[in-house]
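Everything below concerns the one structure shown next.
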Ligand code: SF4
């Protein structure tokens, strides 16, 4: 089973999208993306917007070869949208790819009016009724009954979890947005006997004492319980929107029985906490007044902030580019505008050890110039 996480706060954007490839199936879970609209009074920095554009393009490319799409719930960072803001994924852009896939989505019953409307938008765009997937099984896939979205106990805020098992018995669970605050949800995950779990942590940035302390203790108990039986526990999303959340995860990781890591660790690359860095990005790279209005109108381009942003993050020691970057053909193709920036942004600049080119370089194995970091080759480069 090959699991590739595409969106998460430790990867620079909001979401918990991943692709899981096994046998003849490629399952895309939660194909959506967002940037926190306003943090500390600041709109998303254009550098973060440039990184988000690259990831949005990668989701759309991955959707073209997907066989199955899972939508755990219809929040705007987990699904394509009929009316996206400038930083989200457009349903119109994704529609053609989605229409050829098996779709496994949470039903409308236990969700908010907004979520129900987005689900209906998807049905209308595809011209078919979507059967609720809760409790269903299909080959390697199984879906949970609705579980609470965080502490919410009302029927309007639930999410669906996904279990994927390969022929060797390796089992992955995607458990978005439960925030690790509900013991029953943790118990359900453990009943599935997973080896790897991808889950959202608690949104510490939204709380102040005394509710913050209660929240932390609830989540800590649940994480330690999960980590006793799960080999690799990947915690990201809501938790990693603040520096406090990052420090807290590190502390829990030291207490845990098994590996407790963030999405960037799982992808063996440097983390990029752009939402928590937003204020600093504005001081390092000032943004002209009314830039966002211009961007929304298609009159401004985030691309010009990309290279200066990387130079600053490298200078600050926040990222260390791959040793091979200065001589790698992937850099040349990207500089010439012949290759999407996604590869440099998500492999080269963050020192990815998952890069197939990197691994082959280290072993002295031949690989063609047009091989991309994921091991596929691109004709015409
Ligand atoms: S493509 Fe791979 S080997 Fe080349 S610079 Fe990027 S991470 Fe390194």
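Every read-out reported here was derived from the displayed coordinates using simple, explicitly stated rules and does not represent laboratory data. Here the structure is a predicted model, which means the values were calculated and not measured. With ideal geometry, Cβ positions are generated from the backbone for all residues, glycine too; neighbour counts draw on all protein chains shown.
Sorting 13-20, 285-292, 345-352 by their mean Cβ neighbour count within 10 Å, with the most densely packed peptide first, gives 13-20, 345-352, 285-292. Take the Cα of residue 231, step 7 Å toward its Cβ, do the same at residue 283, and the gap between the two points is 4.4 nm. Roughly speaking, what is the centre-to-centre gap between segment 1-29 and segment 312-375 when only Cα atoms are used, to the nearest Å? Taking the Cα centre of segment 312-375 as reference, the centre of segment 1-29 is 20 Å away. May I ask you to work out the translational diffusion coefficient for segment 320-381 at 20 °C, viscosity 1.002 mPa s, via Stokes-Einstein with Rh from the Kirkwood sum over Cα pairs, reported in whole µm²/s? Calculated translational D: 187 µm²/s. Taking every alpha-carbon pair under 8 Å whose residues sit at least 6 apart, segment 320-381 reaches a relative contact order of 33 percent. Take segment 69-227, drop everything but the C-alpha atoms, weight them equally and run the Debye formula without solvent; then report log10 I(q)/I(0) at 0.18 Å⁻¹ to two decimals. Log-scaled intensity ratios, in q order: -1.15.
Between 233, 63, 43, the residue with the greatest mean-square fluctuation in the GNM of the chain (Cα pairs under 10 Å linked by springs) is 43. Just checking the listed ones, 48, 336, 64: in the Gaussian network model of the chain with Cα springs under 10 Å, the one fluctuating most is 336. Cα convex hull, segment 37-102: 87 Å³ per residue, rounded to a whole number.
With semi-axes defined as the square roots of five times the eigenvalues of the C-alpha gyration tensor, the equivalent ellipsoid of segment 2-266 measures 26, 22, 18 Å, largest first.
Based on DSSP H segments of at least four residues, each scored -39500 (n - 2.57), the chain has a per-residue ellipticity at 222 nm of -10000 deg cm²/dmol. Working note: Cα atoms of segment 1-59, range along each principal axis, descending, whole Å: 46, 16, 15. Across the alpha-carbon set of segment 268-378, the Rg to Rh ratio works out to 1.02, Rh being the Kirkwood radius.
Taking the chain as a Gaussian network of alpha-carbon nodes connected by springs under 10 Å, the highest mean-square fluctuation of the residues 54, 315, 135 belongs to 315.
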